[in-house]
1. Return only the number of the condition from (1) part of a loop (DSSP other than H, G, I, E, B); (2) at pLDDT 95 or above that residue 224 does not satisfy.
2. When you check residue 203 against the structure, is it out of contact with any strand residue (DSSP E or B) (no Cβ under 6 Å at 6 or more places or on another chain) and either at positive phi or within 16 Å of ligand 4 (Cβ to nearest atom) (or both), yes or no?
3. Is it the case that residue 198 is free of Cβ contacts under 8 Å to residues at least 24 places away in the same chain and within 16 Å of ligand 3 (Cβ to nearest atom)?
4. Would a scan of region 201-208 turn up a residue that is part of a strand (DSSP E or B), away from ligand 2 (no atom under 16 Å from the Cβ), closer than 30 Å to residue 104 by Cβ and modelled with pLDDT of 95 or more?
5. Pick from region 72-92 the residues that are farther than 20 Å from residue 12 by Cβ and in contact with a strand residue (DSSP E or B) (Cβ under 8 Å, 6 or more places away or on another chain): which of them is nearest to ligand 1 (Cβ to nearest atom)?
6. Considering only region 82-117, state which residues are within 16 Å of ligand 2 (Cβ to nearest atom), under 19 Å from residue 178 (Cβ atoms) and either in a loop (DSSP other than H, G, I, E, B) or under 13 Å from the mean Cα position of the chain (by Cα) (or both).
7. Of all residues in region 153-183, which are more than 16 Å from ligand 2 (Cβ to nearest atom) and over 19 Å from residue 241 (Cβ atoms)?
8. All but one of (1) out of contact with any helix residue (DSSP H, G or I) (no Cβ under 9 Å at 6 or more places or on another chain); (2) assigned to a strand (DSSP E or B) hold for residue 79; which doesn't?
Ligand code: ATP
Ligand code: MG
Ligand code: MG
Ligand code: MG
């Protein structure tokens, strides 16, 4: 049974409304209550104060489809995009939340019912795996979760244990925390990394994480002796997140999020606007695989840029605006790789709005403004490239510090420079470039400290700790652009 991404979003929200949840609209991508958070990156962000107990709502159960961007900060998937089947910079996170109301047993039962009931998503149980927290020095193994999964109908053989990296969640060094339980879907051998029939846990491409259930059940505090201690929360809470693009991929029987109906129209638009197609790829300067990755990057980055600008971000040289600028320029750069050196990203904006305006009506009012902003950035980047290209001498390429300054000040993409060095038969000073970049990142981190001590959430504070999961198998070429 075919379901569109829009129907899946709606079914999710309706399912949880039927379980007594209040449907709440996504919050802005710009967090209003957390200066240390770069962009909204999970459904729970807008409820952070409710979980902390400093905000009270009239409802104790909520469900949302939250706009998320993971392109900087604690979660950074920017460099994965185009090279894995499941990562985007912008994505929608479907979630259900309990504020001291139901807990683990119901959260597990709800998730399993929605995924497997023939009245809802009807996924074949034999394709699903679940994980539970294996326990560590501070926290016991999550036997409860295992028991509830078994009661829900999951055979023990399909339940795996994972460590704290994947299956323990904390809001910060102190505060609410607890074990997670994830649900994975087996995309099948066709999606495998190596073509070998590997079991769960040994093939990152084949087994795709679709849903994460967080059980907030402890409060971490520091004892007078200075040691961390976990005590049970009086009212444990639930926070879950499922990527709409991933569940759409699954329910539409595809191997990649980018083959779902949430992306196909955008990839088509990118093909139309760049003139690239797999047909002429071999004759052109880019290979088929590289070109396809560029198309995915353009489609992804057009969504991120459109939603970020609609939510009030402007391209800039620092902070949030810098991340937006990086995303836009990366998209433009991939258009150039496909042979398009005229402005085209602003046209992508209209394609994104056409797909998303029903679910996110705020896009309609913003459409013209967003397209204009993107066009201006495209024009400015074209000028920048012209200026930068003139300064890109052999001497600059052989001196990493100077090359970095060209990259930083003029936005000259690294690939442009390494290509030029190769053409000129000289060696690009990558070591010096990396050194200069690291120093700059240290400075940037220091300047983004504002307010971090005021929040309970140091986990959100670091700007460039990346969450790189690698892109084995699908990697088309250099990820650095
Ligand atoms: P992964 O391990 O695949 O990177 P994650 O564990 O980082 O995912 P969570 O932080 O648990 O993801 O987020 C909850 C859900 O949101 C995930 O199970 C997934 O469905 C979705 N999700 C997370 N990151 C992305 C992304 N970059 N693009 C699309 N969906 C995502
Ligand atoms: Mg994960
Ligand atoms: Mg996860
Ligand atoms: Mg991740």
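The values are calculated or read from the model by the stated rules, or taken from the named source; none is laboratory data. Quick caveat, the model's predicted, so the values are computed rather than measured. When we count neighbours, we look across all protein chains shown, and the Cβ atoms used for this are built from the backbone with ideal geometry, even at glycine.
1. It is condition (2) that residue 224 fails.
2. It is false that residue 203 is out of contact with any strand residue (DSSP E or B) (no Cβ under 6 Å at 6 or more places or on another chain) and either at positive phi or within 16 Å of ligand 4 (Cβ to nearest atom) (or both).
3. no
4. No, region 201-208 contains no residue that is part of a strand (DSSP E or B), away from ligand 2 (no atom under 16 Å from the Cβ), closer than 30 Å to residue 104 by Cβ and modelled with pLDDT of 95 or more.
5. Filtering region 72-92 for residues that are farther than 20 Å from residue 12 by Cβ and in contact with a strand residue (DSSP E or B) (Cβ under 8 Å, 6 or more places away or on another chain), the one nearest to ligand 1 (Cβ to nearest atom) comes out as 77.
6. 93
7. 153, 154, 155, 156, 157, 158, 159, 173, 174, listed by residue number.
8. Every condition holds for residue 79 apart from (2).
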